[in-house]
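Take a look at the structure set out below.
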Amino acid sequence: MGIFDFFKKKNNSQENVSTPVQEMEMPEEKVVEEVVETIPEISSQPVEEPKVNEEYKKIRIYNDYIVYSIALQLRGEYTPISAFEKESGEVEGFAYMVTEDAYALSPQQVISQMEEKFESELQEGKIRSYMILYHSQFDHNGNHNPAIQEGEFKGISLAYHFAGSEKAKTGLPYIFENQNITYKGFAEFSHEENNEIMNHQLVDGKDYFPNTEGIAAPEMTNEAGIIIRKSNVHNLVNTWSGIFGHHNFQTKDYGQYLSTVLMQSTVSDPNGERKNKTEFEDVRFKTIVTDELSTIIPEVKTDYSLDFETRSIREWENALNLQAIVAGPARDTFGVWFFATDYAENRNIYMTQPHQKINISGIIFILDLHTSTDLPDGTKMSEDFTTYAPSQDLPNYACFDFIGQVVDFKETELLEDGSIKGYILKLKLITNEEDEDFFTIDAFVNKENMRFETPTKGMKVTGALQLQGKIAE
């Protein structure tokens with residue numbers, strides 16, 4: 001994971017359907033136009049050398065990082081960056097590095113932590129100055145608040161502090177026009193000073209950020225011996241894509257449908273009409289409404305259960321810790337982790353009582369025929385071989401790649417008009433000669449997400465799914 005990966009502009013439409021509060025919605029433009037043209041050469045009497053703005057004389061040591069921030073924007077990256085002046089006068093960059101996909105800092109947090117770090121070092125005499133560069137609402141109006149939502153991005157703010165001087169801020173406003181970015185220039189600097197910044201060249205191959213600090217997810221072990229980890233970037237977009245179908249979910253406004261269902265769930269329903277929108281034969285749309293969070297979770301109905309011991313919980317901070325991935329051993333033998341559909345109401349039980357009987361089911365994202373008994377490394381496997389492994393594409397979502405066997409199946413429909421069509425598969429994920437149901441779950445698959453027409457009993461399939469679970473009643 002690179003330094004700037006979290007803050008990169010998202011191009012995947014699925015990732016942008018439900019945006020966590022930590023993510024920044026970025027404008028699309030990338031091409032730069034300089035606001036200041038080169039001064040034409042004039043043949044005349046010698047002129048007096050122009051005076052250099054005293055403030056510019058100080059901050060021009062950071063021209064590398066002003067230009068670097070512009071270059072990042074042109075690549076679609078909007079992360080705050082910073083640099084500091086060492087006692088020797090050398091200037092080096094500093095940035096926070098995302099160390100895992102599950103946790104990141106908001107722009108406000110990044111700016112605040114950078115400022116706290118550098119102010120401490122400045123007071124201790126470890127550095128001579130520092131500068132923090134971030135995208136803001138600045139448009140020659142004194143508003144240096146960080147830009148978060150689309151429409152707020154107006155300029156690059158420079159927050160800096162030199163020893164012996166007061167803290168100060170300035171900004172480089174820009175506008176988006178016809179797929180271009182036009183930088184207006186620093187109002188307090190002369191034409192020549194602006195040109196010096198805009199024409200400054202970065203050195204190819206130079207490491208401008210030799211100083212980094214990893215962003216680690218908060219973690220603790222509670223009194224029950226359960227490890228509690230935090231996440232703040234996850235959502236249910238891929239889960240709903242598994243329910244509605246990948247293509248349908250991108251092209252149809254199911255978000256509005258779900259919002260309507262959620263709104264209706266907050267009012268009394270004497271006629272039972274709301275139940276028709278949330279309760280289907282094999283899947284229910286479970287509404288969770290609290291004073292602080294309202295959401296809907298698709299839950300695949302199942303009677304299948306197994307003994308489970310909670311070892312760790314990944315709580316989603318951006319869902320106010322009311323959604324989580326629970327992990328541990330099942331049947332004292334194999335490890336599983338699942339999205340807990342009942343976490344909002346049973347959080348305290350999960351936290352304090354590790355041993356539970358859990359209903360496990362699944363939502364299949366991709367389903368294809370498995371035609372070879374050989375593993376990718378060439379290992380020969382038996383005809384009845386089944387397996388599952390953690391997904392590399394969707395870590396921390398309880399997603400698994402699998403090779404399974406269809407023990408049984410039936411067609412099913414969702415929504416009032418039955419427009420969402422799929423199957424409930426009884427899917428064997430672990431083959432055990434003594435127990436047919438050792439790990440054989442009920443899993444929903446939307447027909448749109450299948451790469452073949454019709455399942456048959458006994459067929460071998462492969463794909464990706466998300467496990468979900470709840471405490472058995």
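Below are the figures for this structure:
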{"read-out": "Residue-wise HN-Hα coupling along the range 98-112, computed from phi with Karplus coefficients 6.51, -1.76, 1.60 (Hz; x: Gly, Pro)", "value": "6, 9, 8, 6, 7, 9, 8, 9, 6, x, 4, 5, 4, 4, 4"}
{"read-out": "Quotient of C-alpha Rg and 2.2 N^0.38 Å, computed over the chain", "value": "1.22"}
{"read-out": "Peptides 115-122, 355-362 ordered by average Cβ neighbours within 10 Å, highest first", "value": "355-362, 115-122"}
{"read-out": "Gyration tensor over alpha-carbon atoms, the range 317-406, equivalent ellipsoid semi-axes in Å", "value": "31, 15, 11"}
{"read-out": "Accessible surface of the chain, 1.4 Å probe, proportion on carbon and sulfur as whole %", "value": "45 percent"}
{"read-out": "Cα pair distances exceeding 15 angstrom across the range 263-356, given as percent", "value": "66 percent"}
{"read-out": "Anisotropy class of the range 386-473 from Cα gyration tensor, a/c 1.5 cut", "value": "rounded"}
{"read-out": "Amide H contacts of F280 (H built 1.01 Å from N, under 5 Å, at least 5 apart or other chain)", "value": "F285"}
{"read-out": "Separation of alpha-carbon centers, the range 124-158 and the range 299-329, rounded to whole Å", "value": "40 Å"}
{"read-out": "Residue-by-residue Karplus 3J(HN,Hα) for the range 326-331, coefficients 6.51, -1.76, 1.60, Hz, glycine and proline x", "value": "10, 9, x, x, 10, 6"}
{"read-out": "Anisotropy class of the range 97-148 from Cα gyration tensor, a/c 1.5 cut", "value": "oblate"}
{"read-out": "Calculated [θ] (222 nm, deg cm²/dmol) that DSSP helices of n ≥ 4 give over the chain, each run adding -39,500 (n - 2.57)", "value": "-5000 deg cm²/dmol"}
{"read-out": "Over the range 153-258, equivalent-ellipsoid semi-axes from the Cα gyration tensor in Å", "value": "42, 28, 15"}
{"read-out": "For the range 80-195, radius of gyration divided by Kirkwood radius, i.e. Rg to Rh on alpha-carbons", "value": "1.00"}
{"read-out": "Protection-proxy order for peptides 178-190, 202-214, each taking the mean of Cβ atoms within 10 Å per residue, highest first", "value": "178-190, 202-214"}
{"read-out": "Net length gained if the chain between S120 and K457 were fully extended (0.36 nm per residue, minus Cα distance)", "value": "114.6 nm"}
{"read-out": "P(r), alpha carbons of the range 196-323 - 5 Å bins starting at zero, rounded %", "value": "2, 7, 11, 14, 14, 13, 10, 8, 6, 5, 4, 3, 2, 1, 0"}
{"read-out": "Cα gyration tensor shape of the range 327-473, rounded if a/c is under 1.5, else prolate or oblate by comparing a/b with b/c", "value": "oblate"}
{"read-out": "E196, E453, ranked by accessible area, largest first (probe 1.4 Å)", "value": "E453, E196"}
{"read-out": "Bins of 10 Å from zero: percent of alpha-carbon pairs in the range 356-416", "value": "14, 41, 35, 9, 1"}
{"read-out": "Average accessible surface area per residue within the chain, 1.4 Å rolling probe, Å²", "value": "49 Å²"}
{"read-out": "Heavy atoms of E54 accessible to a 1.4 Å probe, total area in Å² rounded to 10", "value": "120 Å²"}
{"read-out": "Volume of the Cα convex hull of the range 50-136, divided per residue and given in Å³", "value": "128 Å³"}
{"read-out": "Centre separation in Å (Cα based) which lies between the range 405-454 and the range 230-269", "value": "21 Å"}
{"read-out": "Chain lengthening between A187 and N348 when straightened (0.36 nm per residue, less Cα-Cα)", "value": "52.3 nm"}
{"read-out": "In Hz, Karplus ³J(HN,Hα) per residue of the range 117-122 (6.51, -1.76, 1.60; θ = phi - 60°; x = Gly, Pro)", "value": "4, 6, 4, 5, 5, 5"}
{"read-out": "Amide H contacts under 5 Å for N321, placed H, 5+ residues apart", "value": "W316"}
{"read-out": "For the range 147-200, Kirkwood radius (reciprocal of mean inverse C-alpha pair distance, Å)", "value": "12.9 Å"}
{"read-out": "P(r), alpha carbons of the range 180-221 - 5 Å bins starting at zero, rounded %", "value": "5, 14, 13, 12, 11, 13, 11, 7, 5, 4, 3, 0"}
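The values are calculated or read from the model by the stated rules, or taken from the named source; none is laboratory data. Owing to the predicted nature of the structure, the values given are computational and were not obtained by experimental measurement. Methodologically, a virtual Cβ is constructed for each residue, glycine included, from the backbone with ideal geometry; neighbour enumeration extends over all protein chains shown. Keep in mind that these areas ignore ligands, DNA and RNA; they rest on the heavy atoms of the full protein, side chains included. Shrake-Rupley method; radii C 1.70, N 1.55, O 1.52, S 1.80 Å.
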